[in-house]
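Working notes for the structure below.
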Amino acid sequence: MTRTNFVRSACLTVAIGCIAGGTARAAGPLASSSARLRPSHHLDRFGRTLEDICPEYVPNQRRCYAQRIVRGGAGDAATPDVRPAAPSADPTCQAVGGGGGKTPFAGTMAPKDVLAAYRIPASTKADGKIVALVELPSVHGMTDVNAYRNEYGIPALPACPVDASGVPAPGGTACFARVGEDGTTRSVTSVDCAGWSGETGLDMDMVSAACPDCSIVLVEANNTNDLDQMNTVAATVVGAAAASNSWGGPETGRDDASFYASPNILTFAASGDSGYLNEALGRLTGTSFPSSAPSVIAVGGTTLRETGGQYSEVVWNDAAGQGAVFGGGNLGAGGSGCSTEFPRPAWQVGAGFTFGKCSQRATVDLSAAAQFEPAGAGGGIAAYDADDGGWNSVVGTSAATPLVAAIMVRLGLAGKDNHQLFYDHIAAFNDITSGDNDNDALCSDVMCTAGKGWDGPTGLGSPNGERLYALVDPGFDADAGAATSLDASADAARDAAPSTGGASAGDSGGRGAAAEDDAGFDAGESEAGCPSAGDCSDASVDTSDVFPGGSKTGCACSSALASPSSGGAGGASALAIGLAVLALWWPSARRARPSASAK
């Protein structure tokens with residue numbers, strides 16, 4: 001394909017309607033600029049202060065999903081961050097502080113935890129295949145990632161050789177590069193986006209932890225409006241095996257999934273940090289894009305726990321046990337939800353799972369550690385970046401996303417869209433069956449609550465490297481590894497799952513898990529997941545779990561959420577009218593609603 005030279009733009013991230021290089025980002029958020037912003041600081045259930053590495057400056061803007069644990073006390077040199085009140089330039093790139101330490105904080109997740117928890121076979125190699133990280137400019141990228149690698153004894157990444165056009169060409173050996181909007185090293189900027197550096201550092205570190213011989217290429221957008229198009233660049237110019245997007249924003253009704261539809265790449269995106277349907281933002285939004293795009297692997301978050309060398313996972317929800325937090329309590333929980341834009345893809349239609357009352361694209365697909373809880377003191381995930389003072393302890397689906405991307409590249413499962421393969425082989429993932437991401441009691445089904453098989457917060461589960469590698473190499477003994485897996489009950493559940501016939505990575509036959517009935521839907525539901533047509537006017541049908549404010553005066557079949565043919569822009573106009581009405585009604589209704597008890 002001819003390389004596209006995307007137009008550079010000097011527009012501000014906060015300039016609604018500024019579209020750099022053509023049609024990269026649909027104009028306008030759902031909420032007005034006068035709406036309440038997501039708090040930049042909050043407490044987790046341990047009483048620790050967490051701060052957003054990328055604070056929200058405009059409601060529903062695109063932002064990275066990493067959060068930093070604010071440390072204090074002797075030796076930590078922690079300084080609380082402050083969101084600039086009236087930035088004079090693009091606030092996304094404006095440094096907000098940071099209190100990093102000179103060494104990793106005690107008890108943070110390290111590469112050894114990643115390799116053991118996810119059972120990554122030592123024999124697997126990536127041979128320099130590229131993980132593309134879609135970011136904003138990071139002039140310290142190479143020194144930052146090598147500081148992490150040096151700390152944990154991982155060989156440093158050299159600069160990638162480039163071809164005559166300036167495109168990185170690893171040649172079978174792991175290396176590092178930055179490319180600009182045209183996909184070449186010639187277009188990189190020397191202007192650092194300090195406010196995003198904590199995210200970039202975390203992403204590079206997670207790739208290094210899971211896949212030391214993966215090449216890392218930062219595919220840098222000039223601003224958040226250009227982020228979508230960088231995925232096309234990663235696939236068609238850079239030639240990456242996988243792309244990782246640790247950022248997003250609520251669906252707008254005008255999001256363009258075509259940027260994520262390149263055939264020769266496996267693309268991942270974080271599900272967010274505001275819980276089910278982004279409920280903790282305190283305004284009617286919906287699930288996150290680009291994780292909701294059908295060609296993207298949506299990645300949810302887990303809390304990875306370690307006790308005596310054994311690992312287990314639950315849904316990441318740092319507000320668990322604190323009750324309802326709508327509109328500004330705890331804001332640390334992985335995202336999930338039902339798309340308002342995209343119909344249910346074929347690999348979900350035929351998967352044999354139920355998706356609650358969602359009959360559109362349901363997220364998430366996979367999950368991994370967004371939080372780490374060791375047996376002793378500490379917690380969080382170790383990450384390094386110079387702009388934020390060095391070492392920090394970080395949480396968020398921003399960590400889980402590059403982690404899963406790197407694992408798949410290392411195992412040889414990247415280079416194309418493998419949704420079908422993964423949904424056909426749920427037994428290759430660790431089932432997470434405990435926890436939820438709904439702190440406002442807006443949901444009562446699988447879309448927000450973990451359970452056996454697929455669920456909204458964790459999808460099919462987290463990677464089991466040995467079982468996944470057996471899909472690539474059928475002769476590999478997936479059960480011969482050391483006993484460092486996620487808890488034995490998860491293994492037992494996977495062993496009991498229906499067989500998919502041992503298909504190789506190129507096959508697509510078989511179903512992953514037992515359904516509630518032969519069709520995989522509740523009795524009385526059609527294959528669209530809606531009540532039958534005769535029930536669509538029944539006032540007893542409860543659609544409140546489909547979307548906050550769902551009414552009992554009609555069924556989900558009449559809305560864009562429930563009609564498989566209403567995906568994309570086609571169903572957006574009717575949905576927008578409904579959202580406008582609900583946006584006026586919802587705040588007063590929530591104020592009148594009694595607080596939910598702790599789950």
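All but one of (1) in contact with a Leu (Cβ under 9 Å, 6 or more places away or on another chain); (2) open to solvent by less than 10 Å² (accessible area, probe 1.4 Å) hold for Gly415; state the number of the condition that does not hold.
Against the list (1) in contact with a Leu (Cβ under 9 Å, 6 or more places away or on another chain); (2) open to solvent by less than 10 Å² (accessible area, probe 1.4 Å), Gly415 comes up short only on (2).
Is it the case, given these coordinates, that Tyr152 is open to solvent by 40 Å² or more (accessible area, probe 1.4 Å), under 30 Å from Asp479 (Cβ atoms) and touching a strand residue (DSSP E or B) at 6+ places or on another chain (Cβ under 9 Å)?
Details: open to solvent by 40 Å² or more (accessible area, probe 1.4 Å): yes; under 30 Å from Asp479 (Cβ atoms): yes; touching a strand residue (DSSP E or B) at 6+ places or on another chain (Cβ under 9 Å): yes.
Yes: the conditions hold for Tyr152.
When you go through Ala122, Ala126, Ala147 one by one, which is the residue that is under 20 Å from Ala405 (Cβ atoms) and open to solvent by less than 50 Å² (accessible area, probe 1.4 Å)?
Working: Ala122 fails: open to solvent by less than 50 Å² (accessible area, probe 1.4 Å); Ala147 fails: under 20 Å from Ala405 (Cβ atoms).
Within the list Ala122, Ala126, Ala147, the selection yields Ala126.
All but one of (1) open to solvent by less than 10 Å² (accessible area, probe 1.4 Å); (2) more than 18 Å from Ala346 (Cα to Cα); (3) aliphatic (A, V, I, L, M) hold for Ala441, so report the exception by its number.
Just one mismatch for Ala441, condition (1).
Looking at Gly286, is it in contact with a Ser or Thr (Cβ under 7 Å, 6 or more places away or on another chain), in a loop (DSSP other than H, G, I, E, B), over 23 Å from Pro463 (Cα atoms) and open to solvent by less than 10 Å² (accessible area, probe 1.4 Å)? Before you say what the answer is, go through the steps one by one.
Numbers: in contact with a Ser or Thr (Cβ under 7 Å, 6 or more places away or on another chain): yes; in a loop (DSSP other than H, G, I, E, B): yes; over 23 Å from Pro463 (Cα atoms): yes; open to solvent by less than 10 Å² (accessible area, probe 1.4 Å): yes.
Yes; evaluated as a whole, the condition is true for this residue.
Across region 444-461, which residue is surrounded by the fewest Cβ atoms within 10 Å (Cβ to Cβ) among those that are under 23 Å from Ser295 (Cα atoms) and β-branched (Val, Ile, Thr)? Quick ask: steps written out before the conclusion?
Residues of region 444-461 that are under 23 Å from Ser295 (Cα atoms), as a first pass: 446-448, 453-461.
Applying the additional criterion that residues be β-branched (Val, Ile, Thr) yields 446, 458.
Details: Val446: 23, Thr458: 35.
The selected residue is Val446.
When you look at Glu56, is it under 18 Å from Ala382 (Cβ atoms), surrounded by 17 or more Cβ atoms within 10 Å (Cβ to Cβ) and modelled with pLDDT of 80 or more, yes or no? Break it down into steps so the answer makes sense when it comes.
Values: under 18 Å from Ala382 (Cβ atoms): no; surrounded by 17 or more Cβ atoms within 10 Å (Cβ to Cβ): yes; modelled with pLDDT of 80 or more: yes.
No, not satisfied.
Quick check on region 217-231. Is at least one of its residues open to solvent by 10 Å² or more (accessible area, probe 1.4 Å), touching a residue at least 60 places away in the same chain (Cβ under 8 Å) and at negative phi? Let's see the steps before the verdict.
Pass one, region 217-231, residues open to solvent by 10 Å² or more (accessible area, probe 1.4 Å): 222, 225.
Subset that is touching a residue at least 60 places away in the same chain (Cβ under 8 Å): 222, 225.
From what's left, at negative phi: 222, 225.
Within region 217-231, one or more residues are open to solvent by 10 Å² or more (accessible area, probe 1.4 Å), touching a residue at least 60 places away in the same chain (Cβ under 8 Å) and at negative phi.
The values are calculated or read from the model by the stated rules, or taken from the named source; none is laboratory data. Because the structure is predicted, anything quoted here is derived from the model rather than measured. Glycine gets a Cβ as well: all are built from the backbone with ideal geometry, and neighbour counts include every protein chain shown. All accessible areas refer to the heavy atoms of the entire protein, side chains included, with ligands and DNA or RNA removed. Shrake-Rupley method; radii C 1.70, N 1.55, O 1.52, S 1.80 Å.
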